[in-house]
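K.L.:
The structure is given below, and queries will be raised subsequently.
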Protein chains: 2
Amino acid sequence: MPVAFNELLRKQWEKQRFLCVGLDTDYAKLPKGIRQTSIADAIFEFNRLIIEATADFCGAYKPNIAFYEGYGLEGLDALIRTNRYLREHYPDIPIILDAKRADIGSTNQGYVKMVEDVFLAHGITVHPYLGREALLPFLERPHLGVIVLCHTSNPGASEFQDLAVAGGEPLYRKVAEAVYREWNTQGNCGLVLGATYPEQLSEVRKAAPDLPFLIPGVGAQGGDLEQTVKNGLDEKGAGIIINASRSIIYASSGDDFAEAARNEAKKMDRAIKAVVQRLS
Amino acid sequence: MPVAFNELLRKQWEKQRFLCVGLDTDYAKLPKGIRQTSIADAIFEFNRLIIEATADFCGAYKPNIAFYEGYGLEGLDALIRTNRYLREHYPDIPIILDAKRADIGSTNQGYVKMVEDVFLAHGITVHPYLGREALLPFLERPHLGVIVLCHTSNPGASEFQDLAVAGGEPLYRKVAEAVYREWNTQGNCGLVLGATYPEQLSEVRKAAPDLPFLIPGVGAQGGDLEQTVKNGLDEKGAGIIINASRSIIYASSGDDFAEAARNEAKKMDRAIKAVVQRLS
């Protein structure tokens, strides 16, 4: 039996770990010292040092595959090695592959194999546009975390996501309700909600009281941490995976990047916990 | 200057070529004879033989990357080799990478590098959910075809796509209008419309009179070819890329797969042309 994403997550929350470190590792942005080797080696080595430095404060890792795909087979090889390293050394920390996939029906089986067998991740982010029926190959795997884009963190997120659908309800809430009421039969679903839209986050928490929320947009994108924790927490004082990528992994552009990442992760972990404990 | 997707497409339409062969190549489904080598070699060899057999009748090739990602680096290597082969031997036939990607802002730059530099494709399919602003890294590249999912071919497509938004208009039409009126400033956009929803196809043609339509869902998925051509054609008697995948590449499961694919592609090409000529 594979380890279930939601089970790992629950244990992290019991330890009061809510921080997710986004491994958005772009080779072109790496410190010069680490770029002396091959692309694959450099990316993997950077990730390994970031992971070792931040694991004490980290409830999940989230590599965004776009950064790796841009470097072709070398980039993807680095991601495979990164996730293999995580599974071996930190088997209790869930890996979310931020791949934002979604195709129709059986085609998604290729993506299921990709996330599970190739990249050894515990969960994946997906687009909702094609509907539940299209996503069944993901949804029917109880151990696989299926984290559906609901209200994203980007400035232009509202173009379609905030459109009022029948009954005056915005589309993103319709998505949240569908996932909560109909898609989550295996208890493996979650939602992506950008910290840059605190009201929508709060609304969706009411609509989906106990779904895990993956929340990007604090840190470099400017979402307010206290507000985010307050609006995202579920009734049990958990339910949130707060992601920071650039603000942690690029905390320093020098050779002290790992130490700087550790300090930044520690700071965020403490800040999140402080709010959680105040509210509990 | 890179070759523009829409320029290649226009030239194919001038030659009355409307058929797109979907290279949905699943290693597990390949004829035994071809599976004697490595996974990468087998997939590439199968694709090469399919391409050679069908190029005479083909206006575009569309590999769906999900099938390749499922086999990890070997699968992706086969796709790189396939597209390199296409660019070398059939430089006039556009390659659409059916990747259904979409992330926020700068993250999409990784996907742009992926589609252009790694996989050498001319166009890519994308999800609309994150909005125009998120997709600018794709939209701002005039030579890159950006084909936006509008109404997909799957049975459950209606869950969100048919929701009535403000004014009573369905979401998919809102997407079509946004792409037509606001996203297409570089003249590089297209829409995906499933042949399995002929009415929606016809409606969207009215809303977006001269956007290229990528139309999957004839063949194995059962969309009616005549209706599809009739509803999809633009005023110039062009504008359609009609995709068939399984019905062509798996026309025979034996060693005569290439010949069977050629016959099937020829038949479809003729059937499409017959309707186009009757309507012109």
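Since every read-out is calculated from the coordinates, none of them should be taken as a lab result. Quick caveat: nothing in here was measured; it's all calculated off a predicted structure. Cβ: placed from backbone, ideal geometry, glycine included. Neighbour counts: every protein chain shown.
K.L.:
Under the convention of a label 7 Å out along Cα→Cβ, give the distances in nm from residue A:16 to the same position in every other copy, shortest first.
P.N.:
The answer, with the shortest distance listed first, is 7.5 nm.
K.L.:
Contact order normalised by length for the stretch B:154-229, with contacts defined as Cα pairs under 8 Å and 6 or more residues apart; what percent is it? If you can, show how the numbers build up before the last one.
P.N.:
Details: 76 pairs, mean separation 20.3, N = 76.
Relative contact order for the stretch B:154-229 comes out at 27 percent.
K.L.:
From the Cα trace of the stretch B:5-279, what convex hull volume per residue do you get, rounded to a whole Å³?
P.N.:
116 Å³
K.L.:
Follow-up question, since we're still on this one. Using the crude model of +1 on Lys and Arg Cβ and -1 on Asp and Glu Cβ, and no other charge, please compute the dipole size for the protein assembly as shown relative to its Cα centre, in debye to 20.
P.N.:
Here the size comes out at about 160 debye.
K.L.:
For the protein assembly as shown, would you read off the P(r) tail past 35 Å as a percentage of all alpha carbon pairs?
P.N.:
Percent of Cα pairs beyond 35 Å in the protein assembly as shown: 34.
K.L.:
Moving on to the next point. Taking 8 Å as the Cα distance limit and 6 or more residues as the minimum spacing, I'd like the relative contact order of the stretch A:58-193 as a percentage. Don't skip to the answer; put the middle values down first.
P.N.:
Details: 207 pairs, mean separation 27.7, N = 136.
Rounded, it is 20 percent for the stretch A:58-193.
K.L.:
Additional query: Going by Cα centres, the stretch A:168-187 and the stretch B:38-110 are how many Å apart?
P.N.:
Each part reduced to its Cα centre gives a spacing of 35 Å.
K.L.:
Same structure again: Quick one: 3J(HN,Hα) in Hz for the stretch A:263-278, Karplus 6.51/-1.76/1.60 with θ = phi - 60°, rounded, Gly and Pro as x.
P.N.:
Listing the rounded values in order: 4, 5, 5, 4, 4, 5, 4, 5, 5, 5, 4, 4, 5, 4, 5, 4 Hz.
K.L.:
Follow-up question, since we're still on this one. For peptide B:131-138, what's the mean number of Cβ atoms from other chains within 10 Å of each residue's Cβ? All intermediate terms of the calculation are to be shown ahead of the outcome.
P.N.:
Numbers: counts 10, 3, 6, 7, 3, 1, 0, 0.
Taking all residues of B:131-138 together, the mean is 4.
K.L.:
Next question, about the same structure. To the nearest 20 debye, what is the magnitude of the charge dipole of chain B about its Cα centre, counting +1 on the Cβ of each Lys and Arg and -1 on the Cβ of each Asp and Glu?
P.N.:
460 debye
K.L.:
Separate question: Enumerate the amide H contacts of residue B:102 below 5 Å, restricted to partners 5 or more residues apart or on another chain; note that Pro and chain-start residues carry no placed amide H.
P.N.:
B:127
K.L.:
Need one value for B:68-77: mean number of C-beta atoms belonging to other chains within 10 Å of its residues' C-beta atoms.
P.N.:
For this peptide, the per-residue mean of nearby foreign Cβ atoms is 6.
K.L.:
If I take every Cα pair under 8 Å that is 6 or more residues apart in chain B, average their sequence separation and divide by the length, what percent do I get for the relative contact order?
P.N.:
Relative contact order, chain B: 21 percent.
K.L.:
What residues have an amide H closer than 5 Å to that of residue A:148, excluding those fewer than 5 places away on the same chain, when H is modeled at 1.01 Å from N in the peptide plane?
P.N.:
Counting only residues 5 or more places away or on other chains, the set is A:126, A:190, A:191, A:192.
K.L.:
Suppose R0 equals 51 Å; then what is the FRET efficiency for residue B:3 and residue A:10 from their Cβ-Cβ distance, rounded to the nearest 0.05?
P.N.:
Working from the Cβ atoms, E equals 0.50.
K.L.:
Let me ask something additional. In whole Hz and in residue order, list the ³J(HN,Hα) couplings for the stretch A:77-84 that follow from phi through the Karplus curve 6.51 cos²θ - 1.76 cosθ + 1.60, θ = phi - 60°; x for Gly and Pro.
P.N.:
4, 4, 5, 4, 5, 4, 5, 4
K.L.:
For the pair residue B:224 and residue A:234, what calculated FRET efficiency results from E = 1/(1 + (r/R0)^6), where r is the Cβ-Cβ distance and R0 = 45 Å, to the nearest 0.05?
P.N.:
That pair, residue A:234 with residue B:224, gives E of 0.40.
K.L.:
Then there's this: Hey, what number do you get for the protein assembly as shown at 222 nm if only DSSP H runs of n ≥ 4 count, each worth -39500 (n - 2.57), divided across all residues, to the nearest 500?
P.N.:
Mean residue ellipticity, 222 nm, calculated: -12500 deg cm²/dmol.
K.L.:
While we're on this one: Counting Lys and Arg as +1 and Asp and Glu as -1, what is the net charge of the other residues whose Cβ lies under 9 Å from the Cβ of residue A:120?
P.N.:
0
K.L.:
Same structure, new question: Mind listing the phi-derived Karplus ³J(HN,Hα) values for the stretch B:150-163, rounded to whole Hz, using 6.51, -1.76 and 1.60 with θ = phi - 60°, and x for any glycine or proline?
P.N.:
Values per residue, Gly and Pro as x: 10, 10, 7, 8, 6, x, x, 4, 6, 2, 10, 4, 9, 4 Hz.
K.L.:
List every residue whose amide H lies under 5 Å from the amide H of residue B:24, counting only residues 5 or more places away in sequence or on a different chain, with H placed 1.01 Å from N in the peptide plane.
P.N.:
HN-HN under 5 Å from residue B:24: B:64.
K.L.:
Still on this model: What lysines does residue A:236 reach when the alpha-carbon gap must be under 18 Å and sequence neighbours fewer than 8 apart in one chain are set aside?
P.N.:
A:11, A:15, A:206, A:273
K.L.:
Okay, next question. Show me the GluC sites (Glu not before Pro) within the stretch B:188-273 that DSSP assigns to loop and that have at most 11 other Cβ atoms within 10 Å of their Cβ.
P.N.:
Taking the stretch B:188-273 and a limit of 11 other Cβ atoms within 10 Å, the loop GluC sites (Glu not before Pro) found are B:235.
K.L.:
Tell me the distances, shortest first, between residue B:259 and the same position across the other copies, using label points 7 Å along Cα→Cβ, in nm to one decimal.
P.N.:
Result, one decimal in nm: 7.2.
K.L.:
Dipole size in debye (nearest 20) for the stretch A:147-265 around its Cα centre, Lys and Arg Cβ +1, Asp and Glu Cβ -1?
P.N.:
The calculation lands at about 260 debye.
K.L.:
Mind checking B:156-165 for the average number of partner chain beta-carbons within 10 Å of each residue's beta-carbon?
P.N.:
6
K.L.:
Report the local net charge at residue A:88: Lys and Arg +1, Asp and Glu -1, summed over other residues whose C-beta lies under 15 Å from its C-beta.
P.N.:
Numbers: positive: A:48, A:81, A:84, A:87; negative: A:52, A:92.
With Lys, Arg at +1 and Asp, Glu at -1, the net is +2.
K.L.:
Cβ under 13 Å from residue A:246's Cβ, residue A:246 left aside: what net charge do those residues give with Lys, Arg +1 and Asp, Glu -1? All intermediate terms of the calculation are to be shown ahead of the outcome.
P.N.:
Values: positive: A:29, A:62; negative: A:24, A:26, A:264.
Around residue A:246, the surrounding residues sum to -1.
K.L.:
Measuring label to label, 7 Å along Cα→Cβ, what does residue B:280 give against each other copy in nm, shortest first?
P.N.:
Label-point separations across copies, in nm and ascending: 7.1.
K.L.:
Do any trypsin sites (Lys or Arg not before Pro) in the stretch A:233-266 lie in a DSSP loop with no more than 11 other beta carbon atoms within 10 Å, and if so, which?
P.N.:
Passing sites in the stretch A:233-266 are A:236.
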